[in-house]
Amino acid sequence: MSKVSNHDPRLAVEIAGIHFNNPVLGASGTFGYGLEFADLIDLNRLGGFATKGLSAKPLAGNAPPRIVETHGGMLNAIGLQNIGARAFIEEKLPRLRGYDTRIIANVFGYSDEDYIEALTILNDGEGIAAYELNISCPNVKEGGIVIGNSPDAAARLTEKAKRASSRPLIVKLSPNVTDITKVARAIVGAGADCLSLINTIVGMSVDVNTRRPRLSYGTGGLSGPAIRPIAVRMVYEVARTVDVPLIGIGGIASTSDALEFIIAGATAIQIGTANYYDPTITMKVIDGLSEYCENQSLENINSLIGSIKAE
């Protein structure tokens, strides 16, 4: 495998001291461990990607059915199935290091201690650029409260994770809150280097013939184009609230979609659900951003970040 790839210097961005060749990233949970896409796209052209959520120990996830298509998107209740942090370091990371792309390890747990244990293991992983904390998990030690729905719980975890981490810390925000800016302020105040948003929105689909939920778990996370306007709005609100880089996520399926997030305030974007029906979508968006810079006579895409004319 070769690290030689042509990059458009106009697309380079920096997040928490990390250089990305372009702002297009694969989203956690939709991009596997990266290697699954190696025969489908040129990973060397990709700005980076977030791994499947990694826990300290392997997890089998939920029983099927775990994915159901909906209008404008999909619901998933995979249950965070993964091989575990140690296996990722030993089995996946050595091959990933051969590519010129930034590897972001997505991390989750069901208590603060779970997160710290996973981070401690991953600190040994050479080639990881940053961590992305998935805080949309219920804290089993606190009666099932979702960490990301509580500014206090999210800030407490962020502070602990920042101390335990040997790499920049990205925290992925849950949209299932009344005011996302309150959670964002608390997390940034606790030391987060960057925020990614949004995670999926809790939804449900019912089979009217059996009168049962279509997902074995009952509810699931809604993703895809249906949530994009909500995600753009939340990026816009958070960008006006905190002073750290943002990574926009939610229903991005075209260059125009990606540009919406960047203009609203995101430094980079993650593409998720669209990977399922078009595995080459990341390459198309990278090309589209280059073309946009050419057509708009932009010397650097950074000039677009937060350039929205909303007032």
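How do the strands (runs of 3 or more DSSP E) wholly within the stretch 45-110 filter down when requiring 1 or more residues that are more than 20 Å from the chain's Cα centre (by Cα), at pLDDT 95 or above and hydrophobic (A, V, I, L, M, F, W, C): which remain?
Where strands (runs of 3 or more DSSP E) fall fully within the stretch 45-110 and carry at least 1 residues being more than 20 Å from the chain's Cα centre (by Cα), at pLDDT 95 or above and hydrophobic (A, V, I, L, M, F, W, C), they are 67-70.
Conditions tested, residue by residue: (1) surrounded by fewer than 22 Cβ atoms within 10 Å (Cβ to Cβ); (2) out of contact with any strand residue (DSSP E or B) (no Cβ under 7 Å at 6 or more places or on another chain); (3) in contact (Cβ under 8 Å) with a residue 40 or more places away in the chain; (4) closer than 18 Å to Ile281 by Cα.
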site	(1), (2), (3), (4)
Asn6	yes, yes, no, yes
Arg10	yes, yes, yes, no
Leu25	no, no, yes, yes
Leu46	no, no, yes, yes
Phe49	no, no, yes, yes
Gly53	no, no, yes, no
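Would you be able to tell me the number of residues in the stretch 252-279 that are among the polar types (S, T, N, Q) and touching a residue at least 40 places away in the same chain (Cβ under 8 Å)?
Going through the stretch 252-279 one residue at a time, the tally reaches 4.
Give the stretch 232-263 a look and list any residue that's under 20 Å from Phe20 (Cβ atoms), in a helix (DSSP H, G or I) and of a type outside the set (S, T, N, Q), or say none.
Val235, Val238, Ala239, Asp257, Ala258, Leu259, Glu260, Phe261, Ile262, Ile263
From the list Tyr110, Tyr115, exactly one residue is of a type outside the set (Asp, Glu) and surrounded by fewer than 21 Cβ atoms within 10 Å (Cβ to Cβ). Which is it?
Only one candidate passes the filter, namely Tyr110.
Within the group Ile281, Ile308, which residue is out of contact with any Cys (no Cβ under 7 Å at 6 or more places or on another chain) and either more than 23 Å from Thr101 (Cα to Cα) or acidic (Asp, Glu) (or both)?
Ile308
Mind listing whichever residues of the stretch 195-208 are surrounded by fewer than 23 Cβ atoms within 10 Å (Cβ to Cβ) and in contact (Cβ under 8 Å) with a residue 60 or more places away in the chain?
Across the stretch 195-208, the qualifying residues are Gly203, Met204, Ser205.
Going by the conditions given, is Asn199 in a loop (DSSP other than H, G, I, E, B), under 23 Å from Ala77 (Cβ atoms) and out of contact with any helix residue (DSSP H, G or I) (no Cβ under 7 Å at 6 or more places or on another chain)?
yes
When the stretch 265-311 is examined, which residues are found to be assigned to a helix (DSSP H, G or I), polar (S, T, N, Q) and over 21 Å from Leu222 (Cα atoms)?
Answer for the stretch 265-311, where residues must be assigned to a helix (DSSP H, G or I), polar (S, T, N, Q) and over 21 Å from Leu222 (Cα atoms): Ser290, Asn295, Asn302, Ser303.
Answer yes or no as to whether Glu260 is in contact with a helix residue (DSSP H, G or I) (Cβ under 7 Å, 6 or more places away or on another chain) and surrounded by fewer than 24 Cβ atoms within 10 Å (Cβ to Cβ).
Against the criterion (in contact with a helix residue (DSSP H, G or I) (Cβ under 7 Å, 6 or more places away or on another chain) and surrounded by fewer than 24 Cβ atoms within 10 Å (Cβ to Cβ)), Glu260 qualifies.
Per-residue answers, yes or no, for (1) farther than 20 Å from Thr30 by Cα; (2) touching a strand residue (DSSP E or B) at 6+ places or on another chain (Cβ under 9 Å):
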site: Ala155; (1), (2): yes, no
site: Ala186; (1), (2): yes, no
site: Ser196; (1), (2): no, yes
site: Pro213; (1), (2): yes, yes
site: Ser223; (1), (2): no, yes
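Please list, ordered by first then second residue, the pairs with beta carbon atoms under 9 Å, 6 or more apart or interchain, first in the stretch 209-238 and closer than 17 Å to Glu69 by Cβ, second surrounded by 23 or more Cβ atoms within 10 Å (Cβ to Cβ) and of a type in the set (Lys, Arg).
Partner pairs satisfying both residue conditions: none exist.
Take the stretch 106-139 and flag every residue that is farther than 25 Å from Arg185 by Cβ, aliphatic (A, V, I, L, M) and in contact with a Ser or Thr (Cβ under 6 Å, 6 or more places away or on another chain).
Across the stretch 106-139, the qualifying residue is only Ala118.
Any chance you could count how many residues in the stretch 164-196 are assigned to a strand (DSSP E or B) and more than 12 Å from Gly148 (Cβ to Cβ)?
3
The values are calculated or read from the model by the stated rules, or taken from the named source; none is laboratory data. The shown structure was predicted, so the numbers you read here are calculated from the model rather than taken from an experiment. Quick reminder, even Gly has a Cβ in these numbers, built from the backbone with ideal geometry, and neighbours come from all protein chains shown.
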